[in-house]
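Scroll down for the structure; my scribbles are underneath it.
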Amino acid sequence: IAISQLEYDRITTNLKYYKSDWDSVLYLNTDGETKKRNLNHLPIARTAAKKIASLVFNEQAEIKVDDDVANKFISETLKNDRFNKNFERYLESCLALGGLAMRPYIDGDKVRV
């Protein structure tokens, strides 16, 4: 998938907010000396993403398709991958970084996501 450098930069910035990965701060103490310390912060991006993810999707969610054959296939695939257990966690990073990609693949005789 082709992505522009601007998009990579946006994702990097969002990841920095999500991880609360800030550079150290230089400051002058009362003796006039330059000191360095970690930046004090509130993990708002991570907290907000986690809360929104839990509101949008939880383990009790049901995913259904109108076509019976497709519904059976989707239900079995999602059950085999423990989708309902894991998706809330994936959704949290999706909300924080601005997107999510899931790739289906074959594992033996099963389709996995």
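On the given criteria, is ARG82 at positive phi and either of a type outside the set (S, T, N, Q) or surrounded by 13 or more Cβ atoms within 10 Å (Cβ to Cβ) (or both)? Give the derivation first.
Values: at positive phi: yes; either of a type outside the set (S, T, N, Q) or surrounded by 13 or more Cβ atoms within 10 Å (Cβ to Cβ) (or both): yes.
Yes; evaluated as a whole, the condition is true for this residue.
Working only within region 3-14, note down all residues that are assigned to a helix (DSSP H, G or I) and either at pLDDT 90 or above or over 12 Å from ARG46 (Cα atoms) (or both). Reasoning before the result, please.
Step one: of region 3-14, the residues assigned to a helix (DSSP H, G or I) are 5-14.
Residues satisfying the conditions are GLN5, LEU6, GLU7, TYR8, ASP9, ARG10, ILE11, THR12, THR13.
Of the conditions (1) among the aliphatic types (A, V, I, L, M); (2) farther than 24 Å from TYR8 by Cα; (3) part of a loop (DSSP other than H, G, I, E, B), LEU55 satisfies every one except a single condition; which number is it?
Going through (1) among the aliphatic types (A, V, I, L, M); (2) farther than 24 Å from TYR8 by Cα; (3) part of a loop (DSSP other than H, G, I, E, B) one by one, LEU55 breaks only (3).
Could you tell me whether any residue of region 56-67 is within 30 Å of LEU6 (Cβ to Cβ) and either among the basic types (Lys, Arg) or surrounded by 12 or more Cβ atoms within 10 Å (Cβ to Cβ) (or both)? Quick ask: steps written out before the conclusion?
Residues of region 56-67 within 30 Å of LEU6 (Cβ to Cβ): 56-57.
Restricting the remaining residues to those that are either among the basic types (Lys, Arg) or surrounded by 12 or more Cβ atoms within 10 Å (Cβ to Cβ) (or both) gives 56-57.
Within region 56-67, one or more residues are within 30 Å of LEU6 (Cβ to Cβ) and either among the basic types (Lys, Arg) or surrounded by 12 or more Cβ atoms within 10 Å (Cβ to Cβ) (or both).
Out of all the residues in region 23-39, is one or more in a loop (DSSP other than H, G, I, E, B) and surrounded by 12 or more Cβ atoms within 10 Å (Cβ to Cβ)? I'd like the intermediate steps shown before the answer.
Quick first cut of region 23-39, residues in a loop (DSSP other than H, G, I, E, B) only: 23-24, 29-33, 38-39.
Next cut, surrounded by 12 or more Cβ atoms within 10 Å (Cβ to Cβ) only: none.
Checked region 23-39: no residue is in a loop (DSSP other than H, G, I, E, B) and surrounded by 12 or more Cβ atoms within 10 Å (Cβ to Cβ).
Please give the number of the condition GLU76 fails out of (1) over 17 Å from the mean Cα position of the chain (by Cα); (2) assigned to a loop (DSSP other than H, G, I, E, B); (3) acidic (Asp, Glu).
Just one mismatch for GLU76, condition (2).
The values are calculated or read from the model by the stated rules, or taken from the named source; none is laboratory data. These numbers were taken from a predicted model, which means no experiment stands behind them. Here the Cβ is made from the backbone with ideal geometry for all residues, glycine too, and neighbour counts use every protein chain on show.
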